[in-house]
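S.K.: This is the structure I have questions about; it appears just below.
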Amino acid sequence: MRILVLNGPNLGRLGTREPDVYGTATLADIAPLVASAGTADAPIEADVRQTDDEAELVGWIHEAVDARTPVILNPAAFTHYSYALRDACAQLQGVAPLVEVHISNPHAREAFRHTSVVSAVATGVIAGFGLDGYRLAASAIIAR
Ligand code: DQA
């Protein structure tokens, strides 16, 4: 199974960005983690991407819709205000699963992080488990 693992702004800086919040692992650590949720019978091919550009991220969601590809999405700050991303994600409903992932637990942080405009159109949300959230998301997709 192929899974698109999409990451929004500033996540390219994982490893050095606020390590007390996001840890010291890097974006390169995500692909093997996601693949580890696969089995010999059901291997996972993780296509991990990151962008700081809202239009590029929306385009990748369109690509997933057209190819009916499951998506693990960490929208980063776009989580909290991007209606364009939300509207793109809505097109995945009934087409392929979408799991919203956050490394930190936004609900335990500043008030502006308590709102996600994406969650209502996601299949499910995983937050607060560090990078392991990506593996948990892949397991959830496999289980479906
Ligand atoms: C984040 C949480 C967001 O509030 C923040 O803007 C991020 C990362 C997370 O993975 O915990 O960039 O999505």
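Just so it is clear, none of the values below were taken in a lab; they were calculated from the coordinates. For clarity, every value in this text was computed on a predicted model and none was experimentally measured. All Cβ positions, even for glycine, are placed from backbone atoms using ideal geometry, and neighbour counts span all protein chains on display.
S.K.: So, counting K/R as plus one and D/E as minus one, what does the shell of residues with Cβ under 13 Å around Ile126 add up to?
M.R.: Result for the local shell: -1.
S.K.: Based on a Kirkwood Rh over C-alpha pairs, give the Stokes-Einstein translational diffusion coefficient of the chain at 25 °C and viscosity 0.890 mPa s in µm²/s.
M.R.: Taking Rh from Cα pairs, D becomes 164 µm²/s.
S.K.: Follow-up. What is the distance in Å between the Cα centroid of region 65-86 and that of region 88-119?
M.R.: 8 Å
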